[in-house]
Amino acid sequence: MLSLLGQIYGAIASLRNRFYESDVFESYDLGSRAISIGNITAGGTGKTPLVAYVAKVLAERGETVCILTRGYGREDTSKRVVVSDAVQILVTPRESGDEPYELAKKLLGKAIVIADADRVSAAIWAKRNYGVTTFVLDDGFQHRRARRDLDVVCIDATDPFGGGKMLPAGRLREPIANLKRADAIVITRADQVEDLSDLKSKISHVSPDIPVFTAKTRIVEVRELHSPDDRSLEQVNGSRSLAFCGLGNPKNFYTLLRRNEFDLAETASFRDHHRYSQEDILELEKQARASNAEIILTTAKDAVKLSDLDLEMPYYVVEIDFEIDDTDGFEQIL
């Protein structure tokens, strides 16, 4: 049944794309240059760090940058929310969604962040009010109503095509052949696999001329949740820990911690964009104590949703970034 539903989903996705390509469905110019950062699978592909990286590069080159995102997991998805005007954060994580809030924190002074399901309307409003010169579409590969000048697609090296089947049988949002629409591909978490030759061959088969970049994930800092002070990896590595997250692909977070020699006594995974309750915290701390963990580790995306909760154990935020192999080549495309 799931396989049949996947075939139907794939047929609908392909038909929708053909309608856009033949102008049956209209796409709209955003009034300024637009760069889409997206993926071809559901779930985490390391897209958010790339959105932040692209926005930072463009801002440092004098662009007035605005990130347009749907803001998954926010309280009211029907509202337009200005998460940040690039000077200050204007809303709470509940109002914005976790990823927009995380982006806003990382990009203060560099990018405006707006959450709105209608990214075309949001772009027109943002250009009028902020003089935006470049839009970055977060998770925009399938959002074809917004015309873009550059399509960058992230592919997770550890699970490139989600089993090769369409939703809901697998994790593909559209057929692999549609990668031919991309202008560039970034293979994320490339350092977590031994050989990329097969994946690169598949990409080349779909689109031989597309530039392919690789990126590796790294931990840039570890800090106490309620303290501005960074802690060195050595200070935290020696402590037995419980790690938790609500990501599209939580295993990658735990793998990264183990590769950096964190002593993980236990892990706990939640659904992507999970909104944490006090009951969740009580259960996490119960698990931590039962496994003799001294501290609790989580991601920046998850940490923004813990500020209103009572935490008894020490919580540390693991800040993650990545490095692109050919920085000059990628930035030249931008």
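The values are calculated or read from the model by the stated rules, or taken from the named source; none is laboratory data. Predicted, not measured: the structure shown is a model, and the values here were computed from it. Glycine gets a Cβ as well: all are built from the backbone with ideal geometry, and neighbour counts include every protein chain shown. Heads up: the accessible areas ignore ligands, DNA and RNA and are worked out on the full protein's heavy atoms, side chains in. Shrake-Rupley method; radii C 1.70, N 1.55, O 1.52, S 1.80 Å.
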- Just wondering, is there one or more residues in region 276-289 that are assigned to a helix (DSSP H, G or I) and under 27 Å from ASP326 (Cα atoms)? no
- Message: If I ask for residues that are of a type in the set (Lys, Arg) and crowded, with 20+ Cβ neighbours inside 10 Å, which ones from region 1-52 would you list?
- Response: LYS47
- Query: Does region 265-293 hold any residues that are of a type in the set (Asp, Glu), at pLDDT 95 or above and open to solvent by 40 Å² or more (accessible area, probe 1.4 Å), and which are they?
  - Reply: GLU266, GLU279, GLU283
- If you check ARG240 against the conditions, is it at pLDDT 90 or above, more than 21 Å from the chain's Cα centre (by Cα), over 19 Å from SER307 (Cα atoms) and not small (Gly, Ala, Ser)? yes
- Task: Evaluate the following for SER121: is it crowded, with 24+ Cβ neighbours inside 10 Å, at pLDDT 95 or above and hydroxyl-bearing (Ser, Thr, Tyr)?
- Result: no
- Query: Are there any pairs, at least 6 apart or on different chains, whose C-beta atoms fall under 7 Å, with the first in region 78-99 and free of Cβ contacts under 8 Å to residues at least 60 places away in the same chain and the second hydroxyl-bearing (Ser, Thr, Tyr), and if so, which?
  - Reply: VAL81/SER96; VAL83/SER96; VAL83/TYR101; LEU90/SER84
- In region 87-107, anything in a loop (DSSP other than H, G, I, E, B) and surrounded by fewer than 18 Cβ atoms within 10 Å (Cβ to Cβ) is listed as VAL87, GLN88, LEU90, THR92
- Of the residues in region 248-264, those that are closer than 19 Å to GLY46 by Cβ and either open to solvent by 40 Å² or more (accessible area, probe 1.4 Å) or small (Gly, Ala, Ser) (or both) number 6
- Unmet criterion (only one of (1) among the small types (Gly, Ala, Ser); (2) surrounded by fewer than 17 Cβ atoms within 10 Å (Cβ to Cβ); (3) modelled with pLDDT under 95) for GLY62: (3)
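If you go through region 201-218 one residue at a time, do you hit one that is in a loop (DSSP other than H, G, I, E, B), at negative phi and buried (at least 18 other Cβ atoms within 10 Å of the Cβ)?
No, that holds for no residue.
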- Message: All but one of (1) touching a residue at least 60 places away in the same chain (Cβ under 8 Å); (2) among the aliphatic types (A, V, I, L, M); (3) in a strand (DSSP E or B) hold for ILE185; state the number of the condition that does not hold.
- Response: (1)
- Hey, could you check region 3-35 for residues that are assigned to a strand (DSSP E or B) and aliphatic (A, V, I, L, M) and say which is farthest from GLY164 (Cα to Cα)? ALA34
- Message: Just to be sure before I move on: is LYS110 touching a strand residue (DSSP E or B) at 6+ places or on another chain (Cβ under 8 Å), surrounded by fewer than 24 Cβ atoms within 10 Å (Cβ to Cβ) and among the basic types (Lys, Arg) in the structure I sent?
- Response: yes
- Message: For region 127-172, which positions are of a type in the set (S, T, N, Q), open to solvent by 50 Å² or more (accessible area, probe 1.4 Å) and not in a loop (DSSP other than H, G, I, E, B)?
- Response: ASN129
- Message: For TYR53, only one of the following conditions fails: (1) touching a residue at least 60 places away in the same chain (Cβ under 8 Å); (2) closer than 24 Å to SER84 by Cβ; (3) in contact with a Leu (Cβ under 7 Å, 6 or more places away or on another chain); (4) part of a helix (DSSP H, G or I). What is its number?
- Response: (3)
